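In what follows, a single structure is set out as C-alpha cells and then discussed.
The values are calculated or read from the model by the stated rules, or taken from the named source; none is laboratory data. Just so we're clear, the structure is a prediction, and the values are computed from it rather than from any experiment. Glycine gets a Cβ as well: all are built from the backbone with ideal geometry, and neighbour counts include every protein chain shown. Accessible surface areas use protein heavy atoms only, side chains included; no ligands, DNA or RNA. Shrake-Rupley method; radii C 1.70, N 1.55, O 1.52, S 1.80 Å.
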Amino acid sequence: MTPVALVEDLTAAGFVALGLAVAYRWYRERGRAQGKLTIALLALAAVALLGRLPQSVVLALVEVVALMISAYFVLLFRDEFLPLSWRAHSAAGIIFAAGIVDGVLLVTVVRNASTAVVTAFGFFYVLAWALLIGEPVVRFWLGSYSLPAVQKTRMRFLSFGFGMLVVILFVDVLGGSALRSSTSIEITQLLALATVPLIYVSFAPPSLLRRIWRMSEENAVRAAMQDLLIFSPTRKDIAERAVFWAARLLGGTGGYIVDAGGNVIAGERDESAGPVVRAPLHMPDGEGTLAVVAGTFTPVFGTDEVTQLRAYANSVSAGLQRVSVTERMAAIEKNKTQFLNLASHELRGPVTVIRGYVSMLEAGMLGQLNERGRKAADVMASKVSEMNELIEEMIEAARLEEGGVTLRAVEADLRDIARSAADTVAPLVDAKHRLELDLPERRVRVRVDPDRTRTIIANLLSNAIKYSPRGGDVTCQVRSRGGVARVTVTDEGLGIAREDLATLFTRFGRVITPQTEHLTGTGLGLFLARQLARLQGGDITVASVEAKGSTFTLQLPAVSQDGSAGGGRKTAADAMSFTVHDSLSS
Ligand code: ADP
C-alpha cells in the first residue's frame, strides 16, 4: 500500500468512526439537534467511505448528494439553537437543490467536458456546500463569545473543524492538477483527518478537557463566590447570582432555585431545553434545590459536574443562611430604632408639660408650698430634668441611626468647651468628689460642633462622678499635641473589667455589677459620645483598671496655625495608643 493510500484510508476510517460515534450518542440520548448533527456526520462518513471504493457513476452520484446533505444538516443543526429566518431557510433550500443539481451534472453529463468546465461546475458545487456550512461556522464562532467557557470552547472546536473542511475542499477543487502530487494529497488528507478529533470533542468532550476549559473561568467564579457569600445583600439577589454562576460554571443554558415549598425564587423553571442536574440547597426554611438546565449544545452532565454543583450549592446555602441572619438582624435593629424614635417623641410632650408645672410649683405660681412641698418639688424637678436628658439622648440616638444628625462645625477653643461642660455637671459634684480642670496656657483650637462636644465631655464627667460612688478626684485635662487635641477625663472610681470594655460604646451597652446595678442609666451616653466624636473626625478611647479608676480620652483634630484641621483618624488612633501607654505607665 502506498503512503497516499494509507493516509486516505486513515482519513476515511476517521470520518466513519466519527459518524458512528455521534450516531451511538444520538441512539442513547435522542435529541433533535443531536439527530441533525448525526445525519450531517453520517453523510460525511459515507462520502469518506465511498471515496475509498472503486469509482463508478452511481457511487459518485451518491457521494455528491451525501456531501451536500452533510452541509445542509449542519445548517439545520445551527437552526436548532440559533434559529434561522424563513427567508434564510428558503435560500438554504434553493442553494441545497442547486448544489445537488450541479453535483449530479458534474458527475454525469459534464464529466468528460473540458477541464475549465469541470472546474467551473466543481467550483459552484463546492461554493454551494461552503455557503451552507460556512454560515454555521461563522455563526458558531461569533455566538461563542457570550458563552460560558466550556460551551465557548466547544462551539469554537466545531466551528474550526468544519471551517478547515471548507478550506480543504476549496483548495482541492481550485488547486486542480497542481495539487495532485502525492505530498499535497497526503497533507490535505492529514489536515482533513485532524478535523475528526476537533469535531468529536466539540460534541462529546471528555471530562478532563471540560475541566481544563473551565479553569479559565475559575478565578471569575471564585470572585463571584466571594461576592455571593460576603456582599450580596438580599436573598433574591444571592439566588439570582447563584443561578447565573452555576449555569455558567457547568456550561448550561439556564437554571433555577426552588425553596422548600417548591416556589421558584430565582431563574426560570424551564426543563424542556435539555437534561437537568440538581443539587440540594440547605435553606433556612428547609431543603430547596439548585438546578442547572442543559441546552441543545450543553455537554450532557457527568458525575464531575454533579459533584461540582453540589459543592457550589453548599456555598450558596451558606450565603443564603448569612443573608437570612443579616436580614433578621436588620429587622430587629430597625425595630429598635423605630421604638427609640417613637418612645422618645411620645415622651417628650408629657415631660415638657410636667416640667412646666414643676417650675410653676417651685416658683409658687400655683400657691405657696410648705417646706415638705418645696422639697418634693425640688426632687421632682431634678428627676424630670433627668428624664428629659434621657429622652434627648434617645432622640439623638435614633437620629444618628437614621443618619439625620447635622453638625454645626465652628472654630472654638477646646478649653472653653471643657469649662462649660464642667459647669453643666457642677450640680452633680458633692462633698465626696473633687472636680479638677487642668487646662493649658495656650488656646486649643478645634473645628467642632460646640454644643455636641460639650455634651460629650459633660457625659464623660458625669459618668466619672456617677461611677465613683465612694468619691475621689475627677480630673479633666485638655491638651494639644501633634495635630490632635485631647480631653482626658480620669476618675478614681469603680473601673471597668477588661472583658467589659467592648460593650461600653455599644447602643444600650451597660456594665451591670453589684456596685453599679442601683445606678440609673440608659447605656446610650458613651454610644452617642463616640459616634459624635467620630462624626467630627475624632474618637473616644478608654483605659481602665478595675477598682482603681478609668481614663476616657476624647480626641479631636486640632486646627493648626495655618487654620487647617489636622489630625484625623490616623493621628487620633496614634494618640490613642499614646494614651493607653501613658495610663499604663503611670
Ligand atoms: P449609662 O451611664 O447611661 O449607663 P453610658 O453609655 O454612659 O451609659 O455608659 C455605659 C456603661 O459604661 C455604664 O453603664 C458603666 O457601666 C460604664 N462606665 C461608663 N463610664 C464609666 C466610668 N467612668 N467608670 C466606670 N464605668 C463606667
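Some points to look at:
- Considering only residues in segment 180-208 that are among the aliphatic types (A, V, I, L, M), within 36 Å of the chain's Cα centre (by Cα) and modelled with pLDDT under 85, the one that is farthest from residue 166 (Cα to Cα) turns out to be 208.
- Test: residue in segment 66-75 that is part of a helix (DSSP H, G or I), surrounded by 15 or more Cβ atoms within 10 Å (Cβ to Cβ) and either among the aromatic types (Phe, Trp, Tyr) or more than 54 Å from the chain's Cα centre (by Cα) (or both): yes
- Count of segment 459-483 residues which are crowded, with 24+ Cβ neighbours inside 10 Å and under 47 Å from the mean Cα position of the chain (by Cα): 4
- Where residue 490 falls short, out of the listed (1) surrounded by fewer than 20 Cβ atoms within 10 Å (Cβ to Cβ); (2) within 10 Å of the ligand (Cβ to nearest atom): (1)
- The single condition among (1) closer than 26 Å to residue 416 by Cβ; (2) touching a Phe, Trp or Tyr at 6+ places or on another chain (Cβ under 8 Å); (3) near the ligand (Cβ under 10 Å from one of its atoms) that residue 461 does not satisfy is (2).
- Odd one out for residue 263 among (1) at pLDDT 80 or above; (2) open to solvent by less than 60 Å² (accessible area, probe 1.4 Å); (3) farther than 28 Å from residue 156 by Cβ: (2)
- Every condition in (1) in contact with a strand residue (DSSP E or B) (Cβ under 7 Å, 6 or more places away or on another chain); (2) within 30 Å of residue 444 (Cα to Cα) is met by residue 317 except one, and the failing one is (2).
- Of all residues in segment 3-55, those that are of a type in the set (Asp, Glu) and surrounded by fewer than 16 Cβ atoms within 10 Å (Cβ to Cβ) total 2.
- Within segment 520-541, the set of residues being near the ligand (Cβ under 9 Å from one of its atoms) and either open to solvent by less than 30 Å² (accessible area, probe 1.4 Å) or touching a Pro at 6+ places or on another chain (Cβ under 8 Å) (or both) comprises 523, 524, 525, 526, 527, 528, 529.
- Residues located in segment 375-411, provided they are touching a Gly at 6+ places or on another chain (Cβ under 9 Å), assigned to a helix (DSSP H, G or I) and away from the ligand (no atom under 16 Å from the Cβ): none
- When 510, 530, 442 are checked against the criterion of being under 26 Å from residue 387 (Cα atoms), part of a loop (DSSP other than H, G, I, E, B) and basic (Lys, Arg), a single residue qualifies: 510.
- Residue tally, condition open to solvent by less than 40 Å² (accessible area, probe 1.4 Å), among the hydrophobic types (A, V, I, L, M, F, W, C) and within 60 Å of the chain's Cα centre (by Cα), over segment 95-119: 1
- Filter result (within 10 Å of the ligand (Cβ to nearest atom), at negative phi and either open to solvent by less than 20 Å² (accessible area, probe 1.4 Å) or not polar (S, T, N, Q) (or both)) within segment 498-516: 500, 501, 504, 505, 507, 509, 510, 511, 512, 516
- On inspection, residue 361 passes the criterion of being among the hydrophobic types (A, V, I, L, M, F, W, C), part of a helix (DSSP H, G or I) and at pLDDT 90 or above.
- Check on residue 229, touching a Lys or Arg at 6+ places or on another chain (Cβ under 9 Å), in contact (Cβ under 8 Å) with a residue 40 or more places away in the chain, over 26 Å from residue 209 (Cα atoms) and not small (Gly, Ala, Ser): yes
- Exactly one residue among 550, 544 is open to solvent by less than 20 Å² (accessible area, probe 1.4 Å), near the ligand (Cβ under 9 Å from one of its atoms) and either in contact (Cβ under 8 Å) with a residue 60 or more places away in the chain or among the small types (Gly, Ala, Ser) (or both), and that residue is 550.
- Residue 327 being in a helix (DSSP H, G or I) and at pLDDT below 85: yes
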